[in-house]
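Chemist: Questions regarding the structure given below will be posed in turn.
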Amino acid sequence: MTTDQDLPMDHQSATALFAAKGIDVTTNKDQGVIKVIKRAGVDGDRPMIGDRVTVHYTGKLATGKKFDCSRERKEPFCFHVGKGQVLRAWDIAVLSMQRGEVCTLLCKPEYAYGAAGNPDKIPPSSSVVFELELIKFEGEVLTGDGGIVRRIKVKGEGYTNPNDGSIVNVHLEGRCGDRLFDCRDVSFIVGQAEDKSIPLGVDRAMDKMQKGECCLLYLKPKYGFGSEGKPEYKIGPDKDIVYEITLKDFQRAKDSWEMDLKEKLDLSAEVKSKGNQYFKAGRYYQAVIQYQRIISWLEIEYGTGDMQQKKIQDYILTSHLNLALCFLRLKEFTQAVDNCNKVIELDENNEKALYRRGEARLCRNEFSLALADFQQVLQVNSANRAARAQISICQSKIKEHHEKDKKTYANMFQKFAERDAKTGKTKRRRDDSARTSFNGEVSIKQRRRSQECPS
Amino acid sequence: QVIVKSMGCVILAPLLNEVVKKAKGLDQYQAAITHMTRTCRPNKLLDCMLEIIEGIDPGAISETILALLPHLQSLLRLDEGKAACVGSTLSALQKQLSRLPVPYTEQQEEADEYGLCRCSAALTVFTEPFVEEVKRTDGNCAATAEDEELKIELLKCMRSLREPLLEAELKHDRRSPLWLFAVEIMVTLSAIKEPLPGLLFFSSLRKNILMDNNQFKEARACLAYLLFVQLITIDNFPAVFHVFILQCNMEYISQLLSKKESHLLKGLALFTKSLERVQDNSLPVSLLDLKSFYSNLRRVLTDCPIQHLRESGLQVFQVFINKLDAEAKHKFFCMLKTSNHAGIESYIIKNIRNQFELSMKWGNANEWFLGTEFISLMTLVLCLPQGAQTDLLRSMDVMESLNLLRYVLIRDEELRTNKDVWEELCRIKEEYLKMLRVCISISRAYYSSELKALREDQKLKAKARDAARPTKLVKSITVRKEKVSNMSPEVQHQVLQSALVTFDLMESLIVRIEEITEE
């Protein structure tokens, strides 16, 4: 095959072309999807299930009429392959392509739009033809910060995933670079993988896995062994690592709605001490997970009678307080503030919450707000020396900033004054002297850099 | 000159006030403001204007905005680092516009009492040059960081999708000003190259949109409606998604079904349209995992006070059932049979019967509506969760259940051949009928005594009428926990009679069922 020929308009010649040169890419060989390679791709790997692939495509009906074209939109099309997001024909075909490959597909309706068709564009039970170009593919990003990327080697089955607290049975292989540092069959509890020397990234990926799935997890240090590294495995600080995980089976933990209040309270006690344990060990992410479980169980519960209600309230309060502290350590100040807010909603004069919120706000450069918080701490407990210290820090920071502002605007008025003096114009003073007072301090509103305003 | 430059902000507010009040000399005031936009420092003047917007008098929202918009536009077009300013302006304006009531009917829109339509149109005009600019730079492939920022700020237009547009009636056959506003927003989204699949299907919260998770979801729900139902810019949307569209839309439909009428209509329309591209008997069980969706749908069917919405809801409901595959249907019926609402339960039983009938047909046999799986379904059907307390009068599903049982026993000969299955069926049937008999006799006794009391009361009343004294009003009868005291005694009589008749019917059905079982 030397020349690339455009697809002929005629339905019969199209079918003939496919019959002559096409490969049936379906697993059961029912001729549902026939592929003709127009341009071979770069020899190498192929996309894996779940990968985020980028393609350009043109779709035509069997009559030759075009119904969709990504090039006309000037935008390549992205999706996750093998997950049922797109037409069945695509899920099958794209997995068989290589990077840079261009191919044409003839798809029977069962693998495309089916008996229903697409009411706006495709008549019922239509065969369709696609020209596809696979531009690139990459693993599926599981977390917002790109710290965990997954590529599925073997698709799992079933409709549920492990939740926090589930007991999972896995086979894992950990590699750093090309070196295998860990290979074993192990069971662990989701949320507590740390106890078995399994990093956070693997733990967090569990709730996206299906039974029987085998996947590769690419972890950045934050989700791996961080800046400490793992001497036992001879892994240095800040290293990227890769785990191959096979989820053999798992046992889900009870969901919130499956438990009665007594169960939840009992479990909360255990979970809380687990969280504390992680906190003491400096494993803040792990601690957060545990405390959040308590909240998810109890935040919608109402006890019968005051005793129970108080118990629930206590757990919720301490969990939020602990979370705030964890987030402070993790430098996630907004989340720290959010958790403090929740406590203050329930208990206005909670000293710890006010103090921690002050700390978080200070770190976000919201000096006046931080100051207010610390002052309130003193109101609640005048013996809190730490709060006093923080107050003076706030005050000096505020002063620093004012000095800066003053410097910036100081000369402006001086220039005006000089110019006026030269030209001899009189100033017509307006009534709203409150807005601009020329006597020293000028309060300039910094609208767009609204750090001081509560969001 | 210098005075104006430095003090301009101070006089802006009073000047604007005059414009809003449409005082005499309007042109002069306008000219003065225009002059200021040219001479004052843009940043300061902008700050002033934004301050004015934030402190708008609620009675004059639209007038103030309409007066300010052209000046804001000319200011922003001069400004170099304008992206952030455009963003803050949009936010401030949207915040105020969201306070205006949304016109719903055609008359309301034409009257435009609160000025929302005019403001929307003006807002479109306002954003136009910035959108144009973004389009231009795209073509030249020389997009600077500034342009990228502008695109991000323009994304804020999505906020308007939520307020006010979600409340408005948006139909393409009635090209109202709000419809045009909606179209403009969709056009803006494509101009800033915001890919809709990413936004609708794969999204993560963008921090600068200034909406929380829920609000962002509502905005996207409106977007889904405009795209899939009203087909605005559908040509630019990739056609290669399949059932995935329904799956993703279910989140939005669920959101829309949980609130007011204007949202509900859109939700139901989106649901209907999304189901159109799905083949019958094809949706898998995994679709049933979105529990909130089903509780919202159920609520619409049972609690919504607006009848035509309930009816439309029921229609879509049936279409949805038809699209489920056998296993999913089975699970769905199980889910809904326990919904504690007689109306829904009897509807489900009807569906079960249809499925059973279908699977009896040659070549249609499927494991979910025959044999052991079917028996598990029947177990749910043939149960009285409230036991002896069951209010038979309100349980229309009881009649349906009996009918289904009778039908199954007549039609399914195979049932008797499979010993385990047959035994199981007989067992649940026995338990059910036993309990039912108890209920019937309790209810019958109760209603008979009520009937008797009513008759006694009538006699008393008749006698008392002869006497001169005013009598007690009709003794209030409680039909279980509900009083029917405002019914006239004749109607009450009828109700009680028909109740007793119903019980007779039920009993005859039970007898018939026993007969068939013995055969």
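Quick note: the coordinates plus some simple rules give every number you see, no bench work behind them. Here the structure is a predicted model, which is why all the values come from computation and not from measurement. All Cβ positions, glycine included, derive from the backbone under ideal geometry; neighbour counts span all protein chains shown.
Chemist: Give the distance, in whole Å, between the Cα centre of region A:292-329 and the Cα centre of region A:341-359.
Modeler: 14
Chemist: In whole Å, largest first, what are the principal axis extents of the Cα atoms in region B:274-429?
Modeler: That gives 47, 42, 23 Å along the principal axes, largest extent first.
Chemist: So, one more: Would you tell me the mean number of C-beta atoms belonging to other protein chains that fall within 10 Å of each C-beta in A:111-119, as a whole number? Working shown, then result.
Modeler: On the way: counts 0, 2, 5, 7, 5, 10, 3, 7, 3.
Partner-chain Cβ atoms within 10 Å, mean over residues of A:111-119: 5.
Chemist: At 30 Å minimum axial length over the Cα atoms and a Kyte-Doolittle cut of 0.0, report the qualifying DSSP H helices in chain B, or say none. Mind showing how you got there, number by number?
Modeler: Values: long enough: B:116-140 (36 Å, -0.04); B:419-466 (69 Å, -0.71); B:489-518 (44 Å, 0.27).
Membrane-span-like by this criterion, though nothing is claimed about a membrane: B:489-518.
Chemist: Compare the Cα positions of A:Val168, B:Gln247, B:Asn214 along the charge dipole of the protein assembly as shown (+1 at Cβ of Lys, Arg; -1 at Cβ of Asp, Glu; about the Cα centre) and return the one farthest towards the positive end.
Modeler: It is B:Asn214, whose Cα lies furthest towards the positive end.
Chemist: Based on the mean of other Cβ atoms within 10 Å per residue, sort peptides B:93-106, B:156-169 so the most packed one is first. Please report the intermediate quantities before stating the final value.
Modeler: Numbers: B:93-106: 17.1, B:156-169: 22.7.
Descending packing order for the listed peptides: B:156-169, B:93-106.
Chemist: Still on this structure, please answer the following. Name the lysines eligible as straight-distance cross-link partners of A:Lys65: C-alpha to C-alpha under 27 Å, and not fewer than 8 places from it in the same chain.
Modeler: Within the straight-line limit of under 27 Å, A:Lys65 reaches these lysines: A:Lys21, A:Lys35, A:Lys38, A:Lys74, A:Lys108, A:Lys121, B:Lys193, B:Lys273.
Chemist: For the protein assembly as shown, which semi-axes, largest first and in whole Å, follow from the square roots of 5 times the eigenvalues of its Cα gyration tensor?
Modeler: On the way: eigenvalues 618, 358, 255 Å².
With the √(5λ) rule applied to the protein assembly as shown, the semi-axes are 56, 42, 36 Å.
Chemist: How far is it, in nm, from the label point at A:Val154 to the one at B:Glu148 when both lie 7 Å from their Cα along the line to the Cβ?
Modeler: Using points 7 Å along Cα→Cβ, the separation is 4.2 nm.
Chemist: Related question: Ignoring solvent entirely, what values of log10 I(q)/I(0) come out of the Debye formula for region A:11-138 at 0.16, 0.20 Å⁻¹ when each Cα is a single scatterer?
Modeler: -0.76, -1.23
Chemist: Right, next: If you wrap a convex hull around the alpha carbons of chain A, what volume per residue comes out, as a whole number of Å³? Working shown, then result.
Modeler: Details: hull volume 134.6 nm³, N = 455.
It comes to 296 Å³ per residue, whole-number rounded.
Chemist: Sort B:Phe181, A:Phe333, A:Phe67 so that the residue with the fewest other Cβ atoms within 10 Å of its own Cβ comes first and the one with the most comes last.
Modeler: Numbers: B:Phe181 23, A:Phe333 20, A:Phe67 16.
Final ranking by Cβ density, sparse to dense: A:Phe67, A:Phe333, B:Phe181.
Chemist: Let me ask something else. Per Stokes-Einstein, at 4 °C and 1.567 mPa s, what whole-number D in µm² s⁻¹ belongs to chain B, with the Kirkwood radius over Cα pairs as the hydrodynamic radius? Intermediate values should be presented prior to the final figure.
Modeler: On the way: Rh = 28.4 Å.
Answer from the Stokes-Einstein relation: 46 µm²/s.
Chemist: How big is the dipole moment of chain B about its Cα centre under a simple scheme where the beta carbon of each Lys and Arg is +1, that of each Asp and Glu is -1, and everything else is neutral? Debye, nearest 20, please. Walk me through the numbers before you get to the answer.
Modeler: Details: 65 positive and 68 negative charges, 328 e Å.
Charge dipole of chain B: 1580 debye, to the nearest 20.
Chemist: Still on this structure, please answer the following. Which residue, chosen from B:Phe317, B:Leu384, B:Gln94, occupies the Cα position most advanced towards the positive end of the dipole of chain B, where the dipole is computed from +1 (Lys, Arg) and -1 (Asp, Glu) charges on Cβ about the Cα centre?
Modeler: B:Leu384
Chemist: Which of A:Trp297, B:Trp422 comes first, and how do the rest follow, when ranked by fewest Cβ neighbours within 10 Å? Kindly include the intermediate steps, with their values, before the conclusion.
Modeler: Details: A:Trp297 25, B:Trp422 16.
Arranged by neighbour count, lowest to highest, A:Trp297, B:Trp422 become B:Trp422, A:Trp297.
Chemist: Further question on the same structure: Let me confirm the definition first: pairs of Lys residues in region A:168-246, 8 or more apart or on different chains, C-alpha distance under 28 Å. How many are there?
Modeler: Lysine pair count for region A:168-246: 20.
Chemist: Would you mind getting me the FRET efficiency between B:His308 and B:Arg99? Use the beta-carbon distance for r and R0 = 35 Å, nearest 0.05.
Modeler: Details: r = 30 Å, r/R0 = 0.86.
Efficiency computed from Cβ-Cβ geometry: 0.70.
Chemist: Mind jotting down a quarter of the surface of the convex hull over the alpha carbons of region A:256-397, in square nanometres, one decimal? Please report the intermediate quantities before stating the final value.
Modeler: Values: hull surface 35.5 nm².
Result: a mean projected hull area of 8.9 nm².
Chemist: Between B:Thr417 and B:Arg38, with labels modelled 7 Å along Cα→Cβ, what's the label distance in nm to one decimal, could you check?
Modeler: Distance between the two pseudo-spin positions: 9.7 nm.
Chemist: Right, something else. About the Cα centre of the protein assembly as shown, what is the dipole size in debye to 20, counting +1 per Lys and Arg Cβ and -1 per Asp and Glu Cβ, all else neutral?
Modeler: Numbers: 140 positive and 133 negative charges, 592 e Å.
Around 2840 debye, computed over the protein assembly as shown.
Chemist: Under the classification rounded if a/c is under 1.5, otherwise prolate if a/b is larger than b/c and oblate if not, where does region B:170-254 fall, given a ≥ b ≥ c as square roots of the Cα gyration tensor eigenvalues?
Modeler: rounded
Chemist: Take peptides B:144-154, A:391-401 and line them up by average Cβ neighbours within 10 Å, highest first, as a rough protection proxy.
Modeler: Working: B:144-154: 17.2, A:391-401: 14.4.
Peptide ranking by packing, descending: B:144-154, A:391-401.
Chemist: Same structure again: What do the square roots of 5 times the Cα gyration tensor eigenvalues come to for region A:171-319, in whole Å, largest first, as semi-axes of the equivalent ellipsoid? Write down the numbers at each step before the final one.
Modeler: On the way: eigenvalues 231, 63, 21 Å².
In descending order the semi-axes read 34, 18, 10 Å.
Chemist: Answer with one residue from A:Trp257, A:Tyr355, A:Ser396: the one whose Cα lies farthest towards the positive end of the charge dipole of region A:256-397, charges on Cβ with Lys, Arg +1 and Asp, Glu -1.
Modeler: With unit charges placed on the Cβ atoms, the residue in question is A:Ser396.
Chemist: Show log10 I(q)/I(0) for region B:337-401 at q = 0.20, 0.24, 0.27 Å⁻¹, two decimals, from a solvent-free Debye sum over equal Cα scatterers.
Modeler: Debye output, listed in q order: -0.78, -1.00, -1.16.
Chemist: Also, I was wondering about something else. Using the count of nearby Cβ atoms within 10 Å as a rough guide to exposure, how do A:Lys153, B:Lys329 rank from fewest to most? Please report the intermediate quantities before stating the final value.
Modeler: Values: A:Lys153 14, B:Lys329 24.
By the 10 Å Cβ count, ascending: A:Lys153, B:Lys329.
Chemist: Let me ask something else about it. Using alpha carbon coordinates only, what is the Rg to Rh ratio of region B:275-363, with Rh defined as the Kirkwood radius?
Modeler: 0.96
Chemist: On a C-alpha basis, how far is the centre of region A:231-260 from the centre of region B:132-192 in Å? Whole number, if you could?
Modeler: Computed from Cα coordinates, the inter-centre distance equals 43 Å.
Chemist: Just tell me how shielded B:282-288 is by partners: mean number of partner chain Cβ atoms within 10 Å of each residue's Cβ, no decimals. Walk me through the numbers before you get to the answer.
Modeler: Numbers: counts 3, 0, 2, 1, 4, 1, 1.
That average works out to 2.
Chemist: Among B:303-312, B:49-58, B:223-232, B:184-193, what's the highest-first ranking by average C-beta atoms within 10 angstrom per residue? Write down the numbers at each step before the final one.
Modeler: On the way: B:303-312: 12.9, B:49-58: 15.9, B:223-232: 21.9, B:184-193: 19.7.
The densest-packed peptide leads the list: B:223-232, B:184-193, B:49-58, B:303-312.
Chemist: For the protein assembly as shown, what is the calculated [θ] at 222 nm in deg cm²/dmol (nearest 500), taking -39500 (n - 2.57) for each run of four or more DSSP H residues and dividing by its residue count? Let's see the in-between values first.
Modeler: Working: 34 runs with 525 residues, N = 974.
Rounded to the nearest 500, it is -17500 deg cm²/dmol.
Chemist: Next up: Going by Cα centres, region B:209-243 and region A:133-155 are how many Å apart?
Modeler: Each part reduced to its Cα centre gives a spacing of 25 Å.
Chemist: Can you give me the convex hull volume of the Cα atoms of region A:196-270, divided per residue and expressed in Å³?
Modeler: Working: hull volume 9.5 nm³, N = 75.
Cα-based convex hull of region A:196-270, divided per residue, equals 126 Å³.
Chemist: Additional query: When the gyration tensor of region A:148-251 is built from Cα positions, what are the square roots of 5 times its three eigenvalues, in whole Å, from largest to smallest? Intermediate results must be reported in sequence, preceding the final value.
Modeler: Working: eigenvalues 98, 38, 27 Å².
Over the Cα atoms of region A:148-251, the semi-axes work out to 22, 14, 12 Å.
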